[in-house]
Each structure stands twice: as structure tokens, then as C-alpha cells.
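A short write-up of the structure that comes next.
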């Protein structure tokens, strides 16, 4: 993790590897294909591993996040990448993640690294003279599945995306041009990353080979054992002292202050609630929305023919089928508001009544006819429906505003020499006593305490000295806390009286395993004398269980077929039709294992291994490429500019 300070800036230069020029020359010769985004992700990861150095640079414009060679990286690009990552993480975990929390989690650093990585590749593309034509960019946008509807380009979706991303069309086109060129450079690695066919075949045969076995299991649960004496229990406790050692426990007095602690004390009158409702009225008002059908064609003549056909009574949606050979397409949009549409589209659509059809409207992507299918009028939620929400928001806002003042009062009391208990009582707070808590928030019985503090508070508690009141601190979530460690109970082996049942159970399991192993060894002796697994299983009856396993690869854990990793390894050391040299452990106990079948991998498994090897080779090449780029294009990061994204914060 790196810190963003008010005046800190960094610069780095990595030496160029000896083989760099040859590799870059090879890339120039092979840079000819298309879109390899996965490679860029690997490259970004490589930059993140190398990190950024720690030398200082001179002042730059505050809107410039970094310079890469002679190219300035705008702060807005870093901010946009950071926001995209933050929102993706929110969707993944289904919870709200603030910008500050996301930065603490490393997303700001990752966004910076990714933007710097893209800039380096862009510079190299420019140096190699790889240009991207307007026609290529337009074709890529039209063919992007995200912007298509009913099999053709949907201008509505495109415009909606631009608005949600906060981009102009020119900005997006230029970004797409850079993406195409960048991925064309990285596509070079696909051609270079080839592995020898013999290597692929041998690795594929090794990794993809599958084996099945028959096992005769001696279950431990069926073996009766006696009860251990005192000496046996004490000996086992000494042997397994680490297993039965109680963790460090601390007796802590803790005061926490959060908005939830004071919301009940805050009163808000009805007049203020209604005033806030009026201030938020636009938020509670849903604009008029319309659902429309659209006919789209690149040819104005086709659209005019369609308009004439509609005047003669043709069905709007059916025209797309009837005139498909002329390039006419149909799609629906909405419900949508006027603000969600380009101005020309909004003017045409919102001038119509239900069922009416617009005149032809031209856009960058062709000619359009619109028909209004449904109108949802403007609607405002009444005050009574949202009163509780407004009350909750206002109370919480006021509580958050009062927190620092309450925390300052507590801190002043401590500074004046009051005890933690006296200072808390003076501001109306309670002290929580945690008489025995471990570093994971558990009590002496191993169960989580009901009042378990958050992980960052626990970390501070277990790093603090005994008897001193801590400083007042604030968590990422805005909760204030202060504490005193009253005493520490050091880790110690628990007395036998406290863990007698657990030690006795461990002794019984070990005895059962020992007896199961002895029984399995006797069975092995019979097998070496010429008897078969099937014959011995029939003789033993319920004392042993004979079963067959499904085929597994050598990388399998074995759990899916009732084996252990040791048993799987033994299977792959044993020839087909032969017995493992000694009994193997299984989930139930001990077993005698016979390898019954050895199957070579199929073509798809070999292909998977080939892809994995190519990926590994590509990653190695990207690491070399990254080193070469860093030497060619030194990077300077303006942390003062980045700090403006988080006023008064450091990360």
C-alpha cells in the first residue's frame, strides 16, 4: 500500500533487459491481428507487482495524475478507472463501498497502475507507427454486442451508455481507437507464445491421465477400543500441547461511538420534514416515460418507403420482416424519459400520442421511425409514503454531524486526567467490559462474543500495552473508539481437567487408526500369499468394505471418491492391476488399494494443457515486455494531484 500525501510524488526507472530490443523488433514484424484484452490484464498485474518507486519529482498541473514518457495522463482517467472498479466490487459483494473504503482496499492504486500500463502500450504503438483508421473504429463499435439489439446496431443503447459513462461520442471513439491499437500490439504475444508439441503431449499425458481403483476399507468407527488411563491422557496432552493451548485473552474496557448510538436522542419536527420533502420533490418525482418501437435503416429511401407503407395501413413491427432484405430493422426502447434520449430523438418521440408514428429522424447510424407504444405519465410520491425515509436520513445526518463533537468531549475528559469510565459517563456513554476476548473476538469457550468489536479495533487492542488508555481513533466506517487493556492472560496449555473429553476422543481415534492399520497389514499379508481382494472381503463380511472408485486425475484431492490425497498418490504410483505397496489412509480409516484402470487423456484435455502452457509463456513474455517499456518510458506519478480525489485523507 502507498500513501497519498499533500506534497509526495514518485518517480521510477527500471533497467532495460539485454534481450528487449530483439523482442520489440519481433513484435513489430508480427503486430497484425486484433483484440486480446486478457493480455492487457496480465500486463496490468505485472505493473502492480513491480509497483512504483520512491524518488521525488517536480510540481505538475494538478489535473495531471502522471506522465509516461512525454505523455500526460489526466487525473480524470484514473478517477474513472477507480470508480468503475469500485462499482464492480459493490455489485460483486452486494453492499455499499465508499470511495475511501475502496481506496483503502487498494483499488485506487490498481486504477493508477492500469492507466499507466495502458499509456505505456499506447506510446509503444505510436512509436511503431501502428495507426487505426476511422472505418475500423466505426466497424468495431457497430459490431460490439453490447450496442446491438435484434441483431443490429442500436443507437439508443449506444447513447445511453455514453450518458451513463459521462463520455462524449468523440471521447468514446478516441478511447476505442486506443483500445484497438493497444490490443493489436498485445496480440503479438499470441503468435510468439508457442510451446513445443512434445512438451504439450507429455504434460497433457501427465496431467490428464485418469485412474480408477478398487479399495478394501477397514473402517475405524467399527473398531471398539477401551478407555484411556490417566497416564495415557497426560502423555497425549504433552504430545499435542499446541493443539490444546488456549490463545491469549485480554480483559478490555471499550467505548465506541457511532451514529446509531445517538439517533434516538435526535428530534425532528414535522415542519422540517415537510420542508425537506419539498427540497427533494424532484427526487421523488418520476418523469414521464415512454415505450417506443423503432424502425432503423442506413438508407433514407428505405425509411421513406416504410413511412409510406405505414400511411397505407401496414403494421409497424411487421414492416421489419417484410423489408428485411432492404436492410430495415425493428427494436423497442424503454420505458425511457426525454432526458435519457438524444435531443432530436426526444423531440420527435415526446411530440407523439400513443400509436402515432414520427417523421424520419436522421442520426450518425442511419434513419429512424418511431412509434409510441405506451405512455407512463409523470408521477410524484406523496409525503406520507416517504416521510419515514426522510426522517431516517435527517436523523442519521445529524447524528453523524454530532459524532465528532461527542468524541471530542470524551477525548477532552481523558486529556484532563479522567479515567475512561469517568470521561465516558460525563458525555453520556457506556463502557463495555470484555473480560476475556481473543484476537478473533472469541471468548474462553471459543464462541464469538455478542459484543465482538470490528477487526481493526481488535488489532489495536492486541497491539496495545496493559493499563494505558488508548488514543481516540476512528474506523473506516466512521465509528470512534477508545479502550484500555486491563490485563492479559498469556497463551497456555489448558489443564487436563478442562479438556479431558477432547483428549480422550483424540486418544480413541488414534487407537482406532492403529488397530485399523494392523488389520490392514494382516490383509496385505494374505494378499501377498495369493488371495484376492474379493475373496478376503467375502470372508470378513462387515469388518471391511469393498468398493470401486470413479476415475480421477493425479491432481484430485480424492475426497470426491472417498479417498485422501495420499491414497490418490499411491494409485498413480501403482501399475494397472497391481496393489499399492502398503495400506493407504481414507476418509473412513485404512484401505488396501488396487489400481484397476489407467486411461489416457482425450484431445480436449490435451488442448486445455496447451492453452495453459501458452498462457504461461505469454505471461513470461509480458514480464519482459513490461521491463522494456519501463526503461523506454520513465513514469512520474503526481501524488499531489491524486490526493485531490480524497481531501484530508491518506492511503
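Quick look at the numbers
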{"quantity": "Residue that is nearest to residue 491 (Cα to Cα), among those in the stretch 432-444 that are within 34 Å of the chain's Cα centre (by Cα) and surrounded by fewer than 16 Cβ atoms within 10 Å (Cβ to Cβ)", "calculated": "439"}
{"quantity": "Residue among 424, 463 that is assigned to a loop (DSSP other than H, G, I, E, B) and either at pLDDT 90 or above or in contact with a strand residue (DSSP E or B) (Cβ under 7 Å, 6 or more places away or on another chain) (or both)", "calculated": "463"}
{"quantity": "Positions within the stretch 260-293 being closer than 30 Å to residue 157 by Cβ, surrounded by 13 or more Cβ atoms within 10 Å (Cβ to Cβ) and at pLDDT below 90, in sequence order", "calculated": "284, 286, 287"}
{"quantity": "Among (1) within 30 Å of residue 421 (Cβ to Cβ); (2) exposed (fewer than 13 other Cβ atoms within 10 Å of the Cβ); (3) touching a residue at least 60 places away in the same chain (Cβ under 8 Å), the one test that residue 248 misses", "calculated": "(2)"}
{"quantity": "Failed item in (1) part of a helix (DSSP H, G or I); (2) modelled with pLDDT of 90 or more; (3) more than 30 Å from residue 227 (Cα to Cα); (4) under 45 Å from the mean Cα position of the chain (by Cα), with residue 534 passing the rest", "calculated": "(4)"}
{"quantity": "Inter-residue pairs, beta-carbon under 8 Å, first over 11 Å from residue 370 (Cα atoms) and in the stretch 337-350, second part of a loop (DSSP other than H, G, I, E, B) and modelled with pLDDT of 85 or more, 6+ apart", "calculated": "337/287; 337/288; 338/287; 338/288; 338/350; 339/287"}
{"quantity": "Which listed residue is outside the structural domain of residue 441 (by TED's automatic domain parsing) and touching a residue at least 12 places away in the same chain (Cβ under 8 Å), from 482, 461, 523", "calculated": "523"}
{"quantity": "Residue check, residue 251 modelled with pLDDT of 90 or more and not assigned by TED's automatic domain parsing to the domain that holds residue 506", "calculated": "yes"}
{"quantity": "Condition check for residue 527: surrounded by fewer than 19 Cβ atoms within 10 Å (Cβ to Cβ) and in contact with a strand residue (DSSP E or B) (Cβ under 7 Å, 6 or more places away or on another chain)", "calculated": "yes"}
{"quantity": "Members of the stretch 579-604 found to be without any contact (Cβ under 8 Å) to a residue 60 or more places away in the chain and surrounded by fewer than 12 Cβ atoms within 10 Å (Cβ to Cβ), listed by number", "calculated": "581, 603, 604"}
{"quantity": "Any chance residue 328 is in contact with a helix residue (DSSP H, G or I) (Cβ under 9 Å, 6 or more places away or on another chain), in contact (Cβ under 8 Å) with a residue 24 or more places away in the chain, buried (at least 18 other Cβ atoms within 10 Å of the Cβ) and farther than 30 Å from residue 410 by Cβ", "calculated": "yes"}
{"quantity": "Number of positions in the stretch 201-227 that are under 25 Å from residue 593 (Cα atoms) and assigned to a helix (DSSP H, G or I)", "calculated": "4"}
{"quantity": "Every residue from the stretch 139-154 that is surrounded by 14 or more Cβ atoms within 10 Å (Cβ to Cβ) and either in contact with a helix residue (DSSP H, G or I) (Cβ under 8 Å, 6 or more places away or on another chain) or assigned by TED's automatic domain parsing to the domain that holds residue 362 (or both)", "calculated": "140, 141, 147, 148, 149, 153, 154"}
{"quantity": "Complete set of residues in the stretch 416-429 that are surrounded by fewer than 18 Cβ atoms within 10 Å (Cβ to Cβ) and closer than 20 Å to residue 460 by Cα", "calculated": "419, 421"}
{"quantity": "Filtered residue count, the stretch 130-167, keeping only those that are free of Cβ contacts under 8 Å to residues at least 60 places away in the same chain, outside any helix (DSSP H, G or I) and under 23 Å from residue 367 (Cβ atoms)", "calculated": "2"}
{"quantity": "Every residue from the stretch 535-575 that is surrounded by fewer than 12 Cβ atoms within 10 Å (Cβ to Cβ), in contact (Cβ under 8 Å) with a residue 40 or more places away in the chain and within 16 Å of residue 210 (Cα to Cα)", "calculated": "550, 555"}
{"quantity": "Residues that are closer than 30 Å to residue 223 by Cα and part of a strand (DSSP E or B), drawn from the stretch 586-633", "calculated": "586, 589, 590, 591, 592, 593, 594, 595, 596"}
{"quantity": "Leading residue by the ranking (nearest to residue 306 (Cα to Cα)) among those in the stretch 336-358 that are in a loop (DSSP other than H, G, I, E, B) and more than 38 Å from the chain's Cα centre (by Cα)", "calculated": "358"}
{"quantity": "Test result for residue 89, in contact with a helix residue (DSSP H, G or I) (Cβ under 8 Å, 6 or more places away or on another chain), farther than 29 Å from residue 617 by Cβ, modelled with pLDDT under 85 and surrounded by 15 or more Cβ atoms within 10 Å (Cβ to Cβ)", "calculated": "yes"}
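The values are calculated or read from the model by the stated rules, or taken from the named source; none is laboratory data. Here the structure is a predicted model, which is why all the values come from computation and not from measurement. So basically every Cβ, Gly included, is an ideal-geometry build from the backbone, and we count neighbours across all protein chains shown.
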